[in-house]
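Working notes, beginning with the structure itself.
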Amino acid sequence: MNDYKILDVWSQGMKVSRMIYKNTRLFPKEERFGLTNQIRRASISVVSNIAEGCGRRHKNDRLQFFYISRGSLYELECQLYIAKDLGYIGESAFELTKLNIQKAKMILNRFIKHNRNLNY
């Protein structure tokens, strides 16, 4: 499982990360080291932990990184709601990004389940 770049779960995470970077460009300058930084870091954590998990040799190590990635998706979703409530992101961008985060969670949950069931 060394080539994580061919995985649907990683591709969907990358899509979400690109959306987050695009959406956060318009956040207020005073949020540069606050919410902007935090939401971007969470989006990067999703794909980074998938990649790192794929590079691990043992099943439990891999799963731990996939679980961290899933936690980052939940963190990202929460931060997206905060950005919306503060008026930093428009309704349509919010809905589209939220939909893609939900899709990423669904794909990642299937990926985790698949990896839990592997006997290696």
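Points to keep in mind about this one:
- Proxy reagent accessibility, fewest Cβ within 10 Å first, across Cys54, Cys78: Cys78, Cys54
- Multiplying the residue separation of Lys29 and His58 by 0.36 nm and removing their Cα-Cα distance gives an extension gain of 6.1 nm.
- Cα-projected label distance for Lys22 with Tyr81, points at 7 Å along beta-carbon direction, nm: 2.4
- Only Lys, Arg (+1) and Asp, Glu (-1) charged, at Cβ; region 27-74 dipole about Cα centre in debye: 180
- Given charges at beta-carbon only (K, R positive; D, E negative), |dipole| of the chain in Debye: 380
- Close Lys-Lys pairs in the chain, where close means Cα under 27 Å and separation is 8 or more or interchain: 29
Since every read-out is calculated from the coordinates, none of them should be taken as a lab result. On a predicted model such as this, the values are computed, not experimentally measured, just so you know. Using ideal geometry, Cβ is built from the backbone for each residue, glycine included, and neighbour counts are taken over all protein chains shown.
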